[in-house]
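To start, the structure under review is shown below, and the notes come after it.
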Protein chains: 2
Amino acid sequence: MPTYLMPFCRVEIAVQSLIDQRLNVLLIRREEAPYKGFWALPGGVLRVDLDPDLGAAAVRVAKERLGIPPPNLCQMKTVGAKGRDPRGEAGWGLSVVYRALIAEGAATFAPGKRVTELRWVPVDELPTKIAFDHAELIAQAVNQTRSDIAKLSFPTGFVPERFTLGELQVLSEQVLGHTIDKASFRRKLRDRGLVEAIEGEQLRGSAHRPSAIFRLRRSAVQPNGI
Amino acid sequence: MPTYLMPFCRVEIAVQSLIDQRLNVLLIRREEAPYKGFWALPGGVLRVDLDPDLGAAAVRVAKERLGIPPPNLCQMKTVGAKGRDPRGEAGWGLSVVYRALIAEGAATFAPGKRVTELRWVPVDELPTKIAFDHAELIAQAVNQTRSDIAKLSFPTGFVPERFTLGELQVLSEQVLGHTIDKASFRRKLRDRGLVEAIEGEQLRGSAHRPSAIFRLRRSAVQPNGI
DNA sequence: ACAAAAGTGTTCGTCTTACACCCATGC
DNA sequence: GCATGGGTGTAAGACGAACACTTTTGT
């Protein structure tokens, strides 16, 4: 059997979060050619010695960057071409791209380790200089996230354990980038059995009617899909 | 910079077609371990020397199997794990999986070339012995195809150039596996501007009213997405 | 009493479904 | 004439958007 040369394989991750009421994506500034000085999705090399499978590789890479294992990793697509990465044979580079959505403030960046510039960037104020085809990948990740939220499919770990319906609505509106109707939002949640009130608990203390505390029903949370 | 060992990279393709009024998928019988004797999706090794990018690799592999370049190749997902393929370091195998839908009778198998058993299998009569996680991949490919057709998104090259609305409906019903309402089907096609009648052409000769001949409008065909 | 947010009901228009009905042809 | 598939209209129901409305608290 002949032996074949293989491409240089990486995993990239589009991590999104709400920062200052807006959907942001985590980007890194490249310090090496190609695209030196451009912004790119954080990622890392697939390590056949460390990673039992692709999902584990994504978890490891994300943990190196974020300090936490991201709660809802899901695969978006794979890109690969000759000339994409100088470290591969014939420049052949292959990247499996994942996305994740984390709660505001959950990430504790682990700087050092050649992560000099890791930055949250609002998705509607992206820089113009974006490396590779990552601009398109970011757009696709944002679209998928918005589509999930619009369908009331809330990724694991993005929504807090306990919340009021008002908080859930504000969160959804911030992800979607527009307001939504309160009555319709609540009716859909109720009719589809997506949330359940926590018996006897409510949030008081503000100058208005107290709100009930809810949690997601397990059937409503989107599975991990790594 | 350290050099890393890379996984063994392949491309697999779930080719679907209507055979004898039913949706079928093309499978191959494995002649080597692992999963010797099991059925699997046809595929091939990613060749960094031959393939300019991932899409081109998929086209090449499909052409080797089918004799034609498949008209509507689209990426589904990528799977990868240690122990998946003995040819990789630590058995690490990575497969980028595509799907395609071809018109009945379009494929001209190119046997020989270690393709001893290549066979169309109805998707609701799959064999029990399916290699790797290919059973799940096949199910996913079928779901995506049905979802496309249900949304009246007809992949390029699957639908004939010229057709009657009755033919298009029968084709859709065979893919979906259930009948659909004629009036609704036609109204949706009309309202969304998906098809256009070819001026002055009609199909006569049968013992009933002749039917108009239609073609897809370009805006209606699903782009290639490799 | 009043402001503010929680929570609900009701109307309206749009889209889908199911079904009934005509039309044109070959036999 | 009649069987057959092509082609269209229509009423019933499902669903979502928009808006008005009531409820309950702290001040």
| remark: Here the correct list, in nm and shortest first, of distances from B:Gly205 to the same site in the other copies, label points 7 Å along Cα→Cβ, is 8.0
| trypsin sites (Lys or Arg not before Pro), restricted to segment A:86-172: which are DSSP loop and have at most 13 other Cβ atoms within 10 Å? | A:Lys113, A:Arg114, A:Lys129, A:Lys151, A:Arg162
| note | Mean-square fluctuation maximum in Gaussian network of chain B, Cα pairs under 10 Å, restricted to B:Arg60, B:Arg84, B:Arg204, hits B:Arg204
| Fraction of antiparallel bridges per DSSP, chain B only, in percent to nearest 5 | 70
| Cα centroids of segment B:117-148 and segment A:1-31: how far apart, whole angstrom? | 31
| Considering only the label points, 7 Å along Cα→Cβ from Cα, what distances in nm to one decimal separate B:Arg190 from the same position in each other copy, shortest first? | 4.0
| field | Using a 7 Å Cα-to-Cβ projection, B:Leu50 label spacings across copies, nm, ascending | value | 3.4
| task | Please identify which residues in segment B:71-111 have an amide N closer than 15 Å to a label point set 7 Å out from the Cα of B:Leu50, following the Cα→Cβ vector. | result | B:110-111
| note | When A:Val170, A:Val195 are ranked with the fewest other C-beta atoms within 10 Å first, the list becomes A:Val170, A:Val195
| Alpha-carbon centroids, segment B:39-75 and segment A:158-204: separation in whole Å | 46
| Percent relative contact order of segment A:154-222, based on C-alpha pairs within less than 8 angstrom and at least six residues apart? | 43
| remark: Candidates B:Asp148, B:Asp49, B:Asp133; GNM for chain B (alpha-carbon contacts under 10 Å) flags as most fluctuating B:Asp49
| remark: Note to self: Kirkwood Rh of segment A:154-222, Cα pairs, one decimal, Å, is 12.8
| query | Starting at 0 and stepping by 10 Å, how many percent of the alpha carbon pairs of segment B:40-119 end up in each bin? | reply | 16, 45, 33, 5, 0
| query | Can you give the relative contact order of segment A:4-51 as a percent, counting alpha carbon pairs under 8 Å and 6+ residues apart? | reply | 38
| request: Run the quick spin-label model on B:Ala33 and B:Asn143: label points 7 Å from Cα toward the beta carbon, then report their separation in nm to one decimal. | output: 3.4
| query | Under the definition of Cα pairs under 8 Å and six or more residues apart, what whole-number percent is the relative contact order of chain B? | reply | 23
| query | Nearest 10 degrees, 0 to 90: what angle lies between the long axis of helix B:134-150 and the longest principal axis of chain B (Cα atoms)? | reply | 20
| message | Using Cα springs under 10 Å in a Gaussian network model of chain A, which residue among A:Ala183, A:Ala62, A:Ala135 shows the largest mean-square fluctuation? | response | A:Ala183
| Taking the convex hull of Cα positions in chain B, its mean projected area over all directions (nm²) | 15.4
| Entries in B:Lys77/B:Lys129; A:Lys77/B:Lys151; A:Lys82/B:Lys36 that, when Cα-Cα distance is taken, lie over 25 Å | A:Lys82/B:Lys36
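Which translational diffusion coefficient, to the nearest whole µm²/s, is obtained for the protein assembly as shown from the Stokes-Einstein equation, given a Kirkwood hydrodynamic radius over C-alpha pairs, 10 °C and 1.306 mPa s?
64
Values in this text are rule-based calculations from the coordinates and carry no lab data. No experiment lies behind these values; they were computed from the predicted model shown. We place every Cβ from the backbone using ideal geometry, glycine too, and count neighbours over all the protein chains shown.
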